[in-house]
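Everything below concerns the one structure shown next.
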Amino acid sequence: MTQLSHRPIKHLEELLHRMTDRIRQSLELPEILDATVDEMRRFLGTDRVKVYRFHEDNSGEVVAEAVQHQRLPSLLGHRFPAEDIPEHAREMFLTARQRTIVNVAKGKIGISPFCRTALSSPPSDLWFRPIDACHVEYLTAMGVQSSLVVPILHRHQLWGLLVAHHSTPRQFGPKELKIVQQIADQVTVAISHASLLHLTRLRGQHEAITNQVVSLLHSSTPDPLQKALDKTVSALQCVGGRLYLSAESSKPAQLVTSGIQPELSRTGGQPARRRSATAVLEQLPDWQSWLEAEAPNQWMTQLWAIADVSQIEMSWSIASALIEQEIRGLLVVRLIHRNRFLGYLSLFRQSIDIETVWAGRLDAADPRQNRPRRSFETWRELKRSQPQPWTAREIGLMQDLADRYASVIYQTQLLQTVQALNADLEKRVIERTAELQQLNQSLIQENIERERALKELQQARDSLKRLSHQNELILSSAGEGICGIDPEGNTVFVNPAAARMLGYDKKDLINQFMHDWLQHTKPGGERYDWPHSPIFKTLKYSQTHHVTGDLFTRQDGQSFPTEYVSTPIHESGKIVGAVVIFKDITERQLIERMRDEFIAVVSHELRTPLTSIRAALGLLAQEKIDLQPEKRQRMVEIAFSNTNRLVRLVNDILDVERIKLGKVTLDKKPCNLANIMAQAADEMRAMADNHGIQLLVDPLTTQIWADPDRIIQTLTNLLSNAIKFSPNGSTVEMRAQQVDSKSVSRVAQGLNVTGTDALQAGIDASGSVILLQVTDRGQGIPENKLETVFARFEQLDASDNGHKGGTGLGLAICRSIAQEHDGEIWAQSQVGCGSTFFLTLPEYAEAGPEDGS
Ligand code: ADP
């Protein structure tokens with residue numbers, strides 16, 4: 001004390017700095033405390049400096065110690081019971097932060113309160129009073145003669161004591177007390193730092209564990225829940241744990257276990273077969289009701305932290321399941337995320353044995369409890385089967401982990417639900433797609449069918465159209481008139497031929513009563529009344545009538561003879577109308593008349609020679625009549641000549657008819673006109689001579705396109721007529737010339753041509769044509785007969801017996817031949833002066849007039 005007291009202040013401050021530095025060098029509390037006791041012991045030079053730390057139960061433990069030369073026994077690690085430092089003393093340490101200096105030899109204790117105001121203490125920093133005898137005894141038992149005690153406070157709690165012991169009496173002065181106080185203050189700071197560090201570390205551990213569990217929960221390895229649970233169990237130093245996930249809509253409940261598990265099957269000592277082998281703790285109604293009854297941990301509404309299950313009330317089934325496995329501690333969290341209950345996370349702890357080393361102990365049962373401790377010999381205490389309470393840190397960690405579990409499980413379930421929905425959606429999409437494809441296919445098929453049907457319909461329409469067009473064409477082009485009428489006799493159809501024949505416009509007849517406009521008349525001119533008309537009978541009695549000769553009336557009032565058929569139209573066995581098909585037979589009647597006349601004429605013509613022949617032969621045949629030979633000869637000649645005439649007649653009749661009917665094939669070819677004219681003249685020369693006629697021929701050498709025999713026949717006929725009808729001594733001329741058809745005009749057939757110039761008469765031809773003329777100086781032909789003579793059996797002088805041997809068919813044959821050669825024939829004449837017959841024939845061009853043949 002004396003030495004210390006005299007140390008220079010500077011030296012003391014350095015010392016303090018050094019000690020402070022050492023304390024601050026570390027954040028680890030044991031190191032700081034070791035440095036503290038070491039430096040303080042050296043500073044004070046005492047035999048021992050120790051740090052005594054209070055536990056929650058007010059017992060204490062020497063946590064740091066520096067001892068000089070074994071002069072005092074080491075107390076490091078020894079526990080001291082709470083009674084060693086009585087409550088009032090602890091109170092003083094805390095409230096007054098009272099420091100004590102004990103001098104055992106002098107039996108005094110110096111007390112130095114840090115806060116003067118807290119106690120009614122004297123003005124001096126340090127005041128002494130007699131020490132308790134038991135305190136003296138206590139220290140003496142420890143071999144301590146003097147001691148200095150300074151309280152260490154942390155967060156306004158008595159954390160511990162900084163104690164210096166010396167085995168001999170020693171004085172501690174105010175300066176030392178001050179230094180020690182400062183050291184104690186430094187220790188307080190260090191404790192704060194260390195406690196902060198400890199907390200930070202715990203937080204770090206907490207986060208590390210949480211992260212590990214979370215990463216396991218999220219890992220894609222198999223059984224992520226199992227791995228996370230294993231980690232949770234080990235991190236919280238448990239013997240087992242389980243994760244129960246309640247059943248979902250489509251998923252059954254799931255249980256993951258780790259380590260020791262409650263044994264439900266052996267609970268209650270009942271036979272195992274009585275209980276369900278699949279019984280799950282969390283599914284027991286007892287479990288639910290027990291949790292409901294048991295208050296959850298005070299600040300965690302869904303967490304139950306039970307340190308010792310044997311201390312609480314619970315159903316026997318659960319208790320026995322736990323006790324079977326020596327489970328004492330139970331930490332249960334109800335997993336809830338977003339208000340959805342997911343299951344339970346439970347951890348189990350078994351009991352442990354706790355060993356404590358006591359530095360001697362007062363016997364509480366000893367009535368002499370104030371008797372000072374005589375020995376500090378250590379005493380080892382072993383507490384078996386102790387429950388391990390859950391610390392706040394562990395509970396916090398468990399809650400954090402449970403939150404993570406809940407979040408991950410919720411997300412997983414959500415994901416699974418989404419996946420299931422997706423899969424379902426995909427399945428439905430596939431099904432729907434298949435359905436749509438099928439529908440599409442059938443639509444395509446239907447479309448194809450429809451298109452085919454449409455095509456067929458179109459084809460049917462087309463063919464119907466074609467048919468109706470054809471029908472229309474047939475009806476339109478039919479030569480016969482066709483009229484359709486309804487059952488009442490109104491016109492429903494008229495074809496163009498009918499309209500044309502009747503002189504009406506089609507539309508004027510439609511819907512008109514047929515009988516009105518037709519003015520149907522009998523051949524004799526008597527008008528039909530409707531009920532007696534054959535057409536009415538067709539409608540009324542379904543009769544088909546073929547009628548010839550009835551008259552129909554045109555719009556202009558003219559009637560014409562017809563041949564018609566009226567036919568009923570049936571549909572479904574009913575008469576729905578009639579069709580009248582008719583033709584105008586005016587021309588036919590004319591032809592028939594002409595034919596009848598022709599036959600009459602021919603018969604007449606044939607009858608004359610036949611009568612002559614019969615008469616002659618009749619005379620010859622009569623034996624009674626004795627004819628003179630001359631007369632007989634004459635009869636024979638008559639018969640012969642008439643027979644010849646008959647033959648000529650028949651030949652000519654046949655000829656003219658055959659040519660007219662086109663039955664004679666002309667052998668047309670290029671031929672020399674001069675030769676033809678010469679041949680014709682040669683044939684007729686004898687006849688001319690017989691008649692005393694001079695025949696003059698002026699041939700034209702040119703090529704014509706003709707059948708030479710037929711042209712010779714024509715020319716000989718013209719020459720024969722000219723000779724026949726010319727007086728003796730006269731001349732007959734035949735000549736030919738080439739004329740330009742362009743300079744002539746059209747001459748209608750049958751026109752009387754009176755001009756002298758053939759060209760003036762006109763020729764219907766193009767290019768040049770050959771004009772042949774046969775001229776005589778005979779009796780001539782009256783003007784009104786110039787065309788008639790070309791008709792059949794037309795002869796001018798009927799009085800001339802035998803018509804000069806003619807048949808009256810020659811010129812008709814000539815005209816037919818001329819026409820067949822695309823030529824014309826006509827006559828000019830002056831009665832008493834003579835006649836000229838003209839014949840035009842086409843000239844032959846190099847390439848031929850038609851086909852070059
Ligand atoms: P036919 O055999 O009677 O001659 P054609 O047809 O040749 O018959 O002649 C008809 C009639 O035309 C003759 O019968 C005659 O009266 C009259 N005819 C024809 N050619 C001449 C002519 N060159 N001169 C006077 N009359 C003629």
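The values are calculated or read from the model by the stated rules, or taken from the named source; none is laboratory data. Predicted, not measured: the structure shown is a model, and the values here were computed from it. Methodologically, a virtual Cβ is constructed for each residue, glycine included, from the backbone with ideal geometry; neighbour enumeration extends over all protein chains shown. What goes into the accessible areas is simple: the full protein's heavy atoms, side chains included, and nothing from ligands, DNA or RNA. Shrake-Rupley method; radii C 1.70, N 1.55, O 1.52, S 1.80 Å.
When each of the peptides 543-555, 592-604 is scored by how many other beta carbons lie within 10 Å of its residues on average, the order from highest to lowest is 543-555, 592-604. Using only alpha carbon pairs under 8 Å that are at least six residues apart, calculate the relative contact order of segment 53-109 and give it in whole percent. Reported as a whole number, the value is 24 percent.
Counted over the chain, the DSSP beta bridges are approximately 95% antiparallel.
When the accessible area of segment 584-692 is computed with all protein chains present and a 1.4 Å probe, what percentage of it is carbon and sulfur? Its accessible area is 55 percent carbon and sulfur atoms. Taking a ≥ b ≥ c as the square roots of the eigenvalues of the alpha-carbon gyration tensor, segment 377-428 is classed prolate because a/c is 1.5 or more and a/b outweighs b/c. Sorted on the mean count of surrounding Cβ atoms within 10 Å across their residues, most packed first, peptides 88-101, 63-76, 424-437 read 88-101, 63-76, 424-437. For segment 485-634, a/c is not less than 1.5, where a ≥ b ≥ c are the root eigenvalues of the C-alpha gyration tensor, and a/b tops b/c. That puts it in the prolate class.
Other residues lying with their Cβ under 10 Å from the Cβ of Gln413 contribute a combined charge of +1, Lys and Arg counting +1, Asp and Glu -1. With only the Cα atoms considered, segment 508-552 has a convex hull volume of 81 Å³ per residue. By the rule of a C-alpha distance below 29 Å, with chain neighbours fewer than 8 residues away ignored, the lysines paired with Lys50 are Lys10, Lys106, Lys108, Lys175, Lys178, Lys383.
Basic side chains Lys and Arg get +1 at the Cβ, acidic Asp and Glu get -1 at the Cβ, and with that the dipole of the chain about its Cα centre reaches some 6100 debye.
Residue-normalised convex hull volume from the C-alpha trace of the chain: 520 Å³ per residue.
Surface exposure of the chain, expressed per residue as accessible area with a 1.4 Å probe, stands at 55 Å². Entry note, the chain: the mean residue ellipticity at 222 nm calculated from DSSP H runs of n ≥ 4, each adding -39500 (n - 2.57), is -14000 deg cm²/dmol after division by the residues and rounding to the nearest 500.
Ranking Trp826, Met635, Leu75 by how far each Cα lies toward the positive end of the dipole of the chain (charges on Cβ) leaves Leu75 at the top.
A simple rule links phi to the HN-Hα coupling: the Karplus curve 6.51 cos²θ - 1.76 cosθ + 1.60 with θ = phi - 60°, which for segment 541-555 gives 10, 6, 9, 9, 10, 9, 10, 10, x, 4, 9, 10, 10, 6, 4 Hz, with x for Gly and Pro. Segment 475-491 and segment 154-180 have Cα centres lying 151 Å from one another.
Inter-part distance, segment 561-614 to segment 411-425, computed on C-alpha centroids, equals 102 Å. Contact order, relative form, for the chain: 6 percent (alpha carbon pairs under 8 Å, 6 or more residues apart, mean separation divided by residue count). Straight Cα distances below 21 angstrom link Lys574 to the lysines Lys537, Lys540, with same-chain residues fewer than 8 positions distant left out.
Ranking Ile591, Ser533, Val233 by Cα position along the charge dipole of the chain, where only Lys, Arg, Asp and Glu carry charges on their C-beta atoms, puts Val233 farthest toward the positive end. Seen through its C-alpha gyration tensor, with square-root eigenvalues sorted a ≥ b ≥ c, segment 599-651 comes out prolate because a/c lies at 1.5 or above while a/b is bigger than b/c. Centre-to-centre, using Cα atoms only, segment 289-361 and segment 615-667 are separated by 164 Å. Considering only Ala392, Thr188, Asn211, whose Cα is most displaced toward the positive end of the charge dipole of the chain, charges sitting on Cβ of Lys, Arg (+1) and Asp, Glu (-1)? The listed residue farthest towards the positive side: Thr188. Split the accessible area of segment 455-569 by element, probe 1.4 Å, and carbon with sulfur accounts for 51%. Straight-line cross-link partners of Lys785 among the lysines, defined as a Cα under 20 Å from its Cα and at least 8 positions apart when in the same chain: Lys724, Lys804.
Treating segment 587-726 as a set of equal point scatterers at the Cα positions, no solvent, please give the Debye-formula log₁₀ I(q)/I(0) at q = 0.14, 0.19 Å⁻¹. Relative scattering, expressed as log10 I(q)/I(0), comes to -0.93, -1.14.
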